[in-house]
Structures are given as structure tokens and as C-alpha cells.
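See structure below.
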Amino acid sequence: MRIFTTVNALKRAVDNEISAQKIVGLVPTMGALHDGHLSLVKLALSQCDFVVISIFVNPTQFNEKQDFASYPRTPDSDLALLENSGCHAVFLPDYETIYPQPDHTVYDFGDLELLFEGKFRPGHFKGVAMVVRRFFEIVRPHKAYFGLKDFQQVMVVKAMVKQFNLPVEIIGAPTVRESDGLAMSSRNRLLNPSERSKASLISKVLKGIQERIIIEDVEDVLNWAVNKFNEDKDFDLEYISIANAENLKPINTKNAAKHAVALIAARLGKVRLIDNLQLY
Ligand code: AMP
């Protein structure tokens with residue numbers, strides 16, 4: 001496994017792979033790696049010849065200073081995990097390497113910007129698009145891997161690829177969960193033991209929605225779900241919705257969409273958690 005910190009050295013390594021007709025894969029991360037990240041690496045290794053993992057805690061996608069400051073950073077264990085994963089290259093850039101000059105590009109995500117994460121985290125998706133586009137420019141991957149845990153993020157990245165007509169295939173990979181159902185997330189490390197034991201409510205409610213939507217109305221299902229969060233004052237629910245999985249427009253009646261997804265964001269103490277489940 002080679003470790004790169006500069007654009008030129010990484011570009012040279014990728015150039016060699018591309019001239020040898022190799023398929024290049026990229027897995028962008030913010031570190032504090034867990035099995036969710038490693039599942040993306042594994043998928044990338046199964047489909048590509050040369051897999052690059054980037055680790056960069058991207059300040060432009062944090063809409064709260066405190067969230068950026070407290071974001072877990074575990075560089076030593078990240079490198080040990082990646083060494084074991086069999087990936088070929090790790091890219092560890094600093095801020096100036098990613099943002100040599102300000103990015104004034106106007107990104108167009110349509111309504112995605114106004115819904116859910118777009119609404120509750122102003123500027124977040126612009127930050128995601130800026131950093132992912134920059135990684136694509138440096139690495140020039142044929143395939144890039146993102147977790148469906150961040151369902152809306154996958155849609156935003158696909159919209160960005162379409163806007164700039166970039167030659168990369170975006171692959172969304174299933175959410176990896178803890179044994180109690182909690183979606184793995186770097187932020188889970190910030191939960192205290194009591195919060196950690198409560199956190200699985202989110203995935204349990206998603207499962208409940210998936211079961212209830214078969215026989216109940218959307219409105220009744222959502223009322224049931226909201227009440228579940230109201231029963232515990234440690235949870236501060238930001239949104240809970242059932243939406244069309246193609247465009248994330250909330251749906252009010254079953255069968256209003258071919259595929260639907262339930263999405264939840266909730267704060268538990270100081271930690272903001274998101275999760276989703278495809279319903280049908
Ligand atoms: P992050 O480091 O949180 O920015 O995540 C890097 C990538 O890993 C993103 O594409 C995430 O969607 C993905 N990811 C995070 N958690 C999980 C998980 N539990 N299962 C699968 N993918 C995940």
C-alpha cells in the first residue's frame with residue numbers, strides 16, 4: 001500500500017495504471033474508518049485493478065464549526081485497517097492540496113438542495129460536491145464508491161457527475177450495521193454509553209416503517225414513528241419522511257412511487273445521526 005500526500009505523486013501513480021489499461025477505483029472517506037468504509041474498499045477491490053482511498057476531513061461540508069472540531073480523527077488505526085484491506089493507495093492531502101484556490105463553481109442539485117440534509121445542513125452538499133469533484137480531477141477514477149447510508153449524498157454526487165459530464169461511474173453500496181441495527185458511522189464514537197444503547201431506535205423505527213407501510217397509510221406510519229422518538233426526550237428528531245427513492249420528493253400515499261425510502265435524522269445529545277431504509 002502506497003501513501004500519497006501530494007497531487008503530483010498520486011497523479012503519476014494513477015497515470016501508470018491508466019496507461020496499462022487498468023481500472024481505477026476511488027473510495028472517498030473522512031477517516032475514523034469502520035466496517036462500513038471497509039465494505040466499500042472490498043467492493044472496489046472486487047471491481048477495480050487499482051484502488052485509492054482518500055482520507056480528508058473536509059471543512060467545507062461541515063455547516064457547524066463544533067461538528068468539524070469534534071469529528072473523530074484516528075489516523076494510525078485507519079492506516080492499519082487499510083494496510084490489511086489490500087487497497088493499493090491512500091491519499092492523505094492537506095487543506096491547501098485540495099483547495100489551492102477558492103472554488104466559485106455554481107453547483108446545481110435541483111430540489112435535492114432544499115430537502116432533508118440539504119435543508120437542515122445549508123451548504124453541506126456544495127462542500128461535498130467541491131471535494132468529490134476535486135478528488136475526481138486528481139485521481140480520475142473509472143468507478144467511485146459511496147455508501148447508501150448517505151442516500152441523498154449519492155444522489156447529489158450523481159447530479160454533480162451529470163452536471164459536469166464526468167467520465168466516472170458512481171456506485172452506491174449497502175449500509176453496514178452494528179449487531180443492534182445501528183448504521184455504522186464515524187460519529188457513533190462520540191456517543192456516550194447510554195446514548196449508544198439508545199441509538200438503535202433509529203434503525204428499529206426504520207424497520208417498523210418498512211413493516212407497517214405494507215398495511216397502513218403513510219400518515220399513520222409516520223405518526224407512529226414520530227411518537228417513538230417523542231417517547232425519549234434524549235432524541236431531538238430533525239426529520240422523518242417517506243420519499244420517492246428516485247427524486248426524494250416526500251410521498252403521502254403508498255404506491256405514489258415505484259420505489260420509496262424512509263429517511264431519518266435525529267440528534268442524540270450532541271451527536272447528529274442519519275439513516276435510511278429502502279421500503280419497496
Ligand atoms: P464518511 O467517512 O462518513 O464521509 O464516509 C465515507 C463513505 O463511506 C461515504 O460514501 C459513506 O456513505 C460511506 N459509509 C459511511 N458509513 C457507512 C456504512 N455504515 N455502511 C456503508 N457505507 C458507509
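For the range 231-279, the set of trypsin sites (Lys or Arg not before Pro) satisfying both a DSSP loop assignment and a count of at most 12 other C-beta atoms within 10 Å is given as Lys233, Lys258.
Dividing the Cα radius of gyration by the Kirkwood radius, what Rg/Rh value follows for the chain? Result: Rg/Rh = 0.97. Taking the C-alpha atoms only, the angle from helix 75-85 to the longest principal axis of the chain is near 80 degrees.
Here Lys162 is the anchor, and the lysines within straight C-alpha reach of less than 19 Å, apart from those fewer than 8 places off in the same chain, are Lys126, Lys143.
The gain in end-to-end length when the Asn227 to Arg12 segment is fully stretched comes to 71.9 nm, 0.36 nm per residue minus the alpha carbon separation. Ranked from largest to smallest solvent-accessible area, with a 1.4 Å probe on the protein heavy atoms, Tyr71, Tyr145 come out as Tyr71, Tyr145. Counting charges near Glu211 (Lys, Arg +1; Asp, Glu -1) among other residues having Cβ under 15 Å from its Cβ returns a value of +2. The accessible-area ordering, largest first, of the residues Met160, Met30 stands as Met30, Met160, per a 1.4 angstrom probe.
What the Cβ-Cβ distance of Val57 and Glu83 gives, at R0 = 22 Å and to the nearest 0.05, is a FRET efficiency of 0.60. The C-alpha atoms of the chain define a longest principal axis, and helix 35-47 lies at about 50 degrees to it. Using the Karplus relation 6.51 cos²θ - 1.76 cosθ + 1.60 with θ = phi - 60°, the per-residue 3J(HN,Hα) values for the range 151-168 come to 4, 5, 4, 4, 5, 5, 5, 5, 5, 5, 4, 5, 4, 9, 6, 7, x, 9 Hz, with x marking Gly and Pro.
For the chain, the solvent-accessible area with a 1.4 angstrom probe is 48 square angstrom per residue. Accessible surface of the range 1-49, 1.4 Å probe: 47 percent of it comes from carbon and sulfur atoms.
The values are calculated or read from the model by the stated rules, or taken from the named source; none is laboratory data. Computed from a predicted model, the values in this text were never measured in an experiment. Every residue, glycine as well, gets a Cβ built from its backbone with ideal geometry; the counts of neighbours run over all protein chains shown. The protein model used for the area step is the full one, side chains on, heavy atoms only, and it has no ligands, DNA or RNA in it. Shrake-Rupley method; radii C 1.70, N 1.55, O 1.52, S 1.80 Å.
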